[in-house]
Amino acid sequence: NAGVTQTPKFQVLKTGQSMTLQCAQDMNHNSMYWYRQDPGMGLRLIYYSASEGTTDKGEVPNGYNVSRLNKREFSLRLESAAPSQTSVYFCASNSEGFNSPLHFGNGTRLTVT
Amino acid sequence: SQKIEQNSEALNIQEGKTATLTCNYTNYSPAYLQWYRQDPGRGPVFLLLIRENEKEKRKERLKVTFDTTLKQSLFHITASQPADSATYLCAPYNFNKFYFGSGTKLNVKP
């Protein structure tokens with residue numbers, strides 16, 4: 001059982017380049033999330049999708065776009081990368097609501113030079 | 001805006017002792033709170049959920065308390081082991097989203 005799979009694991013971009021981070025889950029979860037984690041800042045929510053076909057902004061959505069391709073897949077796109085987007089990005093999923101724990105992938109470490 | 005505070009300094013304890021980690025929150029009143037464990041290079045892993053009407057929750061060597069008056073949750077690991085060394089994150093739930101603290105690193109020395 002793979003759980004939540006993120007690709008790639010590592011990526012280096014130059015300022016202004018674009019890329020898409022991929023996330024897929026095989027647990028039939030309705031909700032999916034993208035977080036970024038920076039030293040001393042904790043995990044901050046970028047975007048989330050409560051169910052297939054819906055997406056909503058989190059705390060730090062600027063500079064990002066998302067696509068909920070189907071129930072399994074939720075991608076995060078950086079259209080024009082900036083050094084401030086250097087971070088570790090985590091995708092997570094859960095069934096629904098407060099009492100359903102989040103299941104995380106192992107992250108994508110992104111460096112923007 | 002809501003703020004979540006966890007001790008940024010690492011907690012160093014001896015094997016066998018009880019570790020106590022603190023999570024304080026301000027500017028909102030979450031009805032539920034979760035705790036996660038994160039190992040280096042890995043995503044967080046869920047440990048426990050506690051509701052606002054539950055003062056205490058236990059799971060094996062883990063215990064969580066939730067004081068809505070103090071706006072604080074405490075996370076205890078009894079009989080700690082070196083394998084418990086990790087970063088522990090609290091995540092209060094509000095408005096259909098989980099907001100995470102920055103975590104406290106626990107080092108358990110043999």
So, with points 7 Å from each Cα along the Cβ direction, the A:Ser95-B:Glu9 label distance in nm works out to 4.2
Output field shielding_mean for B:25-33 (other chain Cβ, 10 Å radius) holds 1
Quick shape check on chain B: root eigenvalues a ≥ b ≥ c of the Cα gyration tensor, a/c under 1.5 is rounded, otherwise prolate if a/b tops b/c, else oblate, and it reads prolate
The protein assembly as shown: spread of alpha-carbon positions along the three principal axes, whole Å, largest first, is 49, 37, 35
Low-density loop chymotrypsin sites (Phe, Trp or Tyr not before Pro), segment B:1-95, at most 13 other Cβ within 10 Å, DSSP non-H/G/I/E/B, are B:Phe95
The local net charge around A:Val88, scoring Lys/Arg +1 and Asp/Glu -1 for residues other than A:Val88 whose Cβ lies under 10 Å from its Cβ, equals +1
Of the listed links B:Lys17/B:Lys55; B:Lys17/B:Lys57; A:Lys9/B:Lys3; A:Lys14/B:Lys105, those spanning more than 28 angstrom between alpha carbons are A:Lys9/B:Lys3; A:Lys14/B:Lys105
A chain fully extended from B:Glu56 to B:Ser29 at 0.36 nm per residue, minus the present Cα-Cα distance, gains in nm 8.0 nm
Per principal axis, largest first, the Cα atoms of chain A extend in Å by 38, 29, 27
Chain B: antiparallel bridges as % of DSSP beta bridges, rounded to 5, reads 90
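A short reminder: the numbers here are calculations on the coordinates, not readings from a lab. Predicted model, so just to flag it, every value in this text is computed and none were measured. Every residue, glycine among them, receives a Cβ derived from its backbone with ideal geometry; neighbour counts consider all protein chains shown.
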